[in-house]
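Take a look at the structure below.
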Amino acid sequence: MDNVIIDLQHVSHSYDGKQVLDDINLQIRQGEFVTLLGPSGCGKTTTLRLIAGFLSPEEGSILLEGKNLKDVPPYKRPLNTVFQRYALFPHLDVYDNIAFGLKLQKVPSDEIDKRVRKVLKMVSMTDYEDRNVDSLSGGQQQRVAIARALVNQPKVLLLDEPLAALDLKMRKDMQIELKEMHKKLGITFIYVTHDQEEALTLSDTIVVMDRGRIQQVGTPTDIYNEPKNSFVADFIGESNILNGLMIKDRRVRFAGYEFDCVDEGFGENAPVDVVVRPEDVQIRKDQSKSMFFGTVTSCTFKGVYYQLFVNTETGYELMAQDFRQFEVGSRVGLCILPENIQVMNTERICNTFEATVVDENHVEFLSYEFECGHADLPAGSKALVTVSFGKVDLMDHQEDGMIAGEVSSILYKGDHYHITVLLDSGDYIYADTQDIWDKGDLVGVNILPQDINVARADD
Amino acid sequence: MIKRSSWALPYLIFMIFFVALPLVLILVYAFQDGSGNFSFENVLRFFSDSDAIATFALSLEVAIENTVLCILIGYPAAWILANKKYNRSAVTIILFILPMWINALMRTLATAELFNVLGIRLGKGTLLFGMVYDYLPFMIYPIYNVLNKMDKSFAEAAEDLGANPFQVFWKVTVPLSMPGVRSGILMVFMPTVSTFAISEFLTNGKIKLFGTIIQENINSSMWNYGAALSLIMLMIIGLTTLISGDSGKAAAGGAAI
Amino acid sequence: MMKKILAKAYIWLIIILLYSPLVFIAVFSFTESRVLGNWTGFSLRLYENLFSGGMQGAGSLLSAVENTLLIAVAAATVSTALGTIAAIGVHNMKGKLKNTIQFMNGIPMINPDVITGVSLFLLFVFLHFSQGYLTVILAHITFCTPYVVLSVLPKLSQMNPNIYEAALDLGATPAQALRKVMIPQLKPGMVSGFILAFTMSLDDFAVTFFTRGTIGLDTLSTYIYTDARKGGLTPELRPLMTLIFFIILILLVVINVRQPKQSKSIKG
């Protein structure tokens, strides 16, 4: 791949001891529109700032056209950034904002004039050069910010959530304009956003990130149709994500039923995650062609289609879409085609922690000494503790728990919630529960002694 | 690339020299005798010096009385000034702030001269009056600031929930304006407890306050005792700051807008 | 309506009380009598004396005014530079060191002037630093800079955090970014910091008193102090006070008329 322009090799970075990027490897090709997509705190903006040079990576290297950027300060990098909230200089007018970079390079003033006018025309802001930037609307400021970056003819344009501050209509229009600009200029765009729809619309390649790691790299279609894990599936579009069991190749059990599918190579009786997009949950008028049955619990008009929630006879809730309206309470037949079932390796089947045995009834992990049923290991030895998701108790008040944390994400799995809790110690613990929690809730975490399984750590 | 956080370094070094070190020196001098040996002599001397203790008590008394008077007179004034119903003019506010910008000695002297011409005998009464006159703006301004910036919807919410104007004032406005009162207290109490020239002018040298004693000792080269007295003053200041629950931001916030 | 009248009356009563001594001085600056309170007819004689330095004592009064201004300009200029750079540093800092610096920054503001004066006096004695202009200016920088830091900090937090980076991104070196982008943005904060520092320095008596040494350096404050202790008030002080009063009044009105929207606060 000789047309790689930006190459991130084993890049790691942390803030105040908190790991925000963990071994990022990413190649970006010349002329590509690449989007870094993920929830806030996933490391996407940090990645962009590392490329721009506002941060230097603690580990790993960043290469531009094969040259290491390590000792190149941001003002010497042939890259330009469009900032979130634009960062236009309020003391300069539109013209001087755009000419700022060129003036620093001592470009002759007639040349500056020519180039400024050209970019102003490109962003459709001709006649605005004397305007005070504070007097511009959000969309206009956005255009000036893009013009200010492009006038320097960067090799790569970095865009940090540039449309986040605009209203929906404006955002849609700007998306189209950005896409066209990219086509016309032929330079590389690296775009950061948390808006999955924006990413799907704009990008050639999407890089989905979470918790400092790249979760999946692919074209928009790949990412939507073939999510690699439950995080990607949940983050991109709407989906039903369920625990499943791969019975054998091309046969999977989930939601209390067995289905044919197209995936193989998971082994026999292997726990997996199953993703079915709501538009792939088909509602059959003709009940004889149905694979299973359920009761409609809600039916909401969404403009083009109705969004339905259906309770299956086996007690799972599925999201479906249909063009027809169904009565709440009505019984419907459902069908999922094999090719619409996406089977993925499950990341974990229970909580696993490295621990130290304190005595035969106590074991220390997550910086807390837990009572356990019986540890058959000598005091002081290393052990591996497993706790199943369902045995992790979440309490309303942090002080009611043995350890405290904050709900960091919630995944609905059809009949229960899979909650990720970021503990004060910086570790994660996962809990399955019927209770509804919100992201950011402060919780206490309890584990009963009999639910802590201690095993020898084999190293 | 030099991190911008290191830009504070020159100032940090400056402060270590001109803020921290001088305070340490007060401590060092306070616990030294004339020939530079460690000693409790100076501190003990204060506690056996009944004049010094009386002056100290008087300083505290005057400072407290002044602060209380400033709150009693200043709070209503600040409230009226911040109330759009009663005051729409910026000029009145400027008039209240203006004295803060004029040299305090000059204002004090003017007051003292006025008393003289009016034939009022200088003493504790004129001292208090002059102090209130000097420091009232420093109480009014921070309270006015807080009241003026206070979201009107708090009062409206209270009214909506059935509070009468009196209750709105006591249960909402007053508690919410406490930060302003606190910085007012800091800005009035601290300077009054330590004042020296002002008290001399206002009482024609009849009443000495604690600051005067410090100054007299330093001026007559009794540095060690002067340092010990300063240390005692520092304790009072530290205690006041601690009680008002603010690390100085309040005072600063009031003064430095 | 009654309430409104009462409220107005209260405010104006306080204003009258606050200003009566100043008005009293101002009135008697327009008469020749050397005894205050004794009206001997309208005259501008005291003003003439003040500016010509004609009367006894008036010459040293003029030089005290000169010293005061010189010290204030020097202290405010250095404080503004030092404080602005420091504020940028503090703004980009985190954690313990930031708290430490902010705490130390608060000390000179809370410390009574007497303590600041005595402590700096001890410092200069300890370092065998001969006291004079330089020590007074250094001392004034010490208690002025905190106000600059506190005036600039809010401007920094109002500023778009990416502005500095945007300048670097467009090819400015850190020094260029500071000069061309940061300083123009911080100017209002720096100006009000400068004004505050300047007036703090003008106002100061105690710190100057302890750090001026024995070379006979007088500022307006120390001049007044010595003068008052000698007994009478030099009559030429009356026109000086009057002038200062009006200069400040005009300044405040101008500041508030010029930027009424930028901030509701009065003091800059």
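Below is a table of values for the structure above.
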read-out: Net charge of Cβ neighbours under 15 Å - reference residue C:156; Lys, Arg +1; Asp, Glu -1; value: +4
read-out: Loop GluC sites (Glu not before Pro), region A:1-109 (other Cβ atoms within 10 Å of the site Cβ: 16 or fewer; DSSP); value: A:58, A:65
read-out: Whole-angstrom Cα spans of region C:1-103 along principal axes, big to small; value: 66, 54, 16
read-out: Taking region A:290-426 and dividing mean pair separation by its residue count, relative contact order in percent (alpha carbons under 8 Å, at least six apart); value: 16 percent
read-out: Shielding by partners - mean other protein chain Cβ count within 10 Å, residues of B:142-148; value: 1
read-out: Computed over chain B: relative contact order in percent, which uses C-alpha pairs under 8 Å that are six or more apart; value: 28 percent
read-out: Projected area averaged over orientations for region C:109-228, convex hull of C-alpha atoms, nm²; value: 9.3 nm²
read-out: Global form of region B:1-158, assessed from the alpha-carbon gyration tensor, a/c cut-off 1.5; value: oblate
read-out: Computed E for residue A:14/residue B:116 - FRET, C-beta separation, R0 51 angstrom, nearest 0.05; value: 0.10
read-out: Helical segments meeting 27 Å axial Cα length and Kyte-Doolittle 1.0 threshold in chain C (DSSP H); value: C:2-27, C:58-91, C:133-158, C:237-258
read-out: Chain B: DSSP helices with Cα axial extent of at least 30 Å and average Kyte-Doolittle hydropathy no lower than 1.0; value: B:50-82
read-out: Paired Rg and Dmax values of region A:239-319, which use every Cα atom, in angstrom; value: 13.8, 43
read-out: Residue order, fewest to most beta carbons within 10 Å, for A:194, C:128, C:140, A:10; value: C:128, A:10, A:194, C:140
read-out: Fraction in percent of alpha-carbon pairs per bin - 10 Å, region A:147-222; value: 16, 51, 30, 3
read-out: Counting all C-alpha pairs of region A:209-275, share separated by more than 18 Å (%); value: 43 percent
read-out: Relative contact order (%) - criterion: Cα under 8 Å, at least six apart; region: chain C; value: 29 percent
read-out: Local net charge near residue C:169, Cβ-Cβ under 14 Å (Lys/Arg +1, Asp/Glu -1); value: +4
read-out: Rounded to 5, the percent of DSSP beta bridges in region A:135-250 classed as antiparallel; value: 50 percent
read-out: Whether region C:161-227 is rounded, prolate or oblate, judged on the alpha carbon gyration tensor where a/c under 1.5 counts as rounded; value: prolate
read-out: Other protein chain Cβ atoms within 10 Å, averaged over every residue that makes up B:24-31; value: 4
read-out: Calculated over chain A: convex hull of Cα atoms, volume per residue (Å³); value: 192 Å³
read-out: Span per principal axis, largest first, for the Cα atoms of the protein assembly as shown (Å); value: 118, 79, 66
read-out: Cβ-based charge dipole, region A:180-300, positive-most Cα from A:199, A:220, A:259; value: A:259
read-out: Cα centre as origin, Lys/Arg/Asp/Glu Cβ charges: region A:327-369 dipole, Debye; value: 460 debye
read-out: Shielding by partners, peptide C:5-18 (average Cβ within 10 angstrom, other chains); value: 5
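Throughout, read-outs are computed from the coordinates displayed, never taken from laboratory work. For clarity, every value in this text was computed on a predicted model and none was experimentally measured. Backbone-built Cβ (ideal geometry, glycine too); neighbour counts: all protein chains shown.
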